[in-house]
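K.L.:
Before I ask anything, here is the structure I am working with.
The values are calculated or read from the model by the stated rules, or taken from the named source; none is laboratory data. Just so you know, these numbers come straight off a predicted model, no measurement behind them. All Cβ positions, glycine included, derive from the backbone under ideal geometry; neighbour counts span all protein chains shown.
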Amino acid sequence: MKNPWKTLSQKTAYENPWIKVTHRDVLNPSGNPGIYGVVHFKNLAIGIVPLDHQLNTWLVGQFRYTLNEYSWEIPEGGCPLGTEPLDTARRELIEETGIRATTWKKILDFHTSNSVTDEAGTAFLATDLSFGESEPEDTEDLVVKKMPLAAAIEWVEEGKITDSLSIMALQKVALMQAKGELLI
């Protein structure tokens, strides 16, 4: 389909190593002038659902500065654009949980909030797990929690998990399980 929006001008309002915010003067689909702010992410969002043969998964708990609250999530991280997402997924899983996986499956691609940002991401299912020590970054004060996949899905349904990437990936794995596509 043809893009009905026309960008008249744009300027960078803010930029750091992770994001760039642009202010844009536009003509909207009806031809009227307007403005648009776009948050461009310099990384691809990566999420991992580690799953063992007993259908246990691992969540990571941490205080999220932007929300000013504690958050339970699947292991996640940022993949620099142009970098292989699976390599980042492997690194993030080890970094945050100490888990290594020998079997990986890409389960979904997504956009987090496409009305204001171009952030895109990919989620993976990681199986055939082995365990070691985590290697968190100095900005991460993490708690790792092992729990049955069914309990993690209950946490989604109860609103205990609100992170969009975690919700999408956990629901996708639950759907795969319901359809008999979860072969571990």
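K.L.:
So is residue 67 modelled with pLDDT of 95 or more and in the same structural domain as residue 156 (by TED's automatic domain parsing) or not?
P.N.:
no
K.L.:
Name the pairs whose Cβ atoms lie under 6 Å apart, with the first residue in segment 55-75 and touching a residue at least 12 places away in the same chain (Cβ under 8 Å), the second assigned to a strand (DSSP E or B) and among the aromatic types (Phe, Trp, Tyr), and 6 or more positions between them or separate chains?
P.N.:
59/72; 61/72; 63/70
K.L.:
Scan (1) under 24 Å from residue 158 (Cα atoms); (2) touching a residue at least 60 places away in the same chain (Cβ under 8 Å); (3) among the acidic types (Asp, Glu) for the single condition residue 141 breaks and write down its number.
P.N.:
All conditions pass for residue 141, except number (1).
K.L.:
Quick one: is residue 73 surrounded by 15 or more Cβ atoms within 10 Å (Cβ to Cβ), acidic (Asp, Glu), closer than 28 Å to residue 151 by Cα and touching a helix residue (DSSP H, G or I) at 6+ places or on another chain (Cβ under 6 Å)?
P.N.:
Yes, satisfied.
K.L.:
So in segment 53-64, with the set limited to residues that are in contact with a Phe, Trp or Tyr (Cβ under 9 Å, 6 or more places away or on another chain) and at pLDDT 95 or above, which one is farthest from residue 174 (Cα to Cα)?
P.N.:
Step by step, filter segment 53-64, then rank; the result is 61.
K.L.:
Listed residues 73, 15, 84; which is modelled with pLDDT of 95 or more and not assigned by TED's automatic domain parsing to the domain that holds residue 165?
P.N.:
From the options 73, 15, 84, the qualifying one is 15.
K.L.:
A follow-up question, please. Consider only pairs whose beta carbons are under 6 Å apart and that are at least six residues apart or on different chains; among these, list those whose first residue lies in segment 1-14 and is at positive phi and surrounded by 11 or more Cβ atoms within 10 Å (Cβ to Cβ) and whose second residue is at pLDDT 95 or above and small (Gly, Ala, Ser).
P.N.:
Close Cβ pairs satisfying both conditions: none exist.
K.L.:
Further question: What are the residues in segment 145-184 that are at pLDDT below 95 and of a type in the set (A, V, I, L, M), if any?
P.N.:
178, 182, 183, 184
K.L.:
For residues that are closer than 13 Å to residue 149 by Cβ and touching a residue at least 12 places away in the same chain (Cβ under 8 Å), tally how many sit in segment 160-177.
P.N.:
Count: 10.
K.L.:
Then there is this: Listed residues 122, 88; which is of a type in the set (S, T, N, Q) and in contact with a helix residue (DSSP H, G or I) (Cβ under 6 Å, 6 or more places away or on another chain)?
P.N.:
Going through 122, 88 in turn, just one is of a type in the set (S, T, N, Q) and in contact with a helix residue (DSSP H, G or I) (Cβ under 6 Å, 6 or more places away or on another chain): 122.
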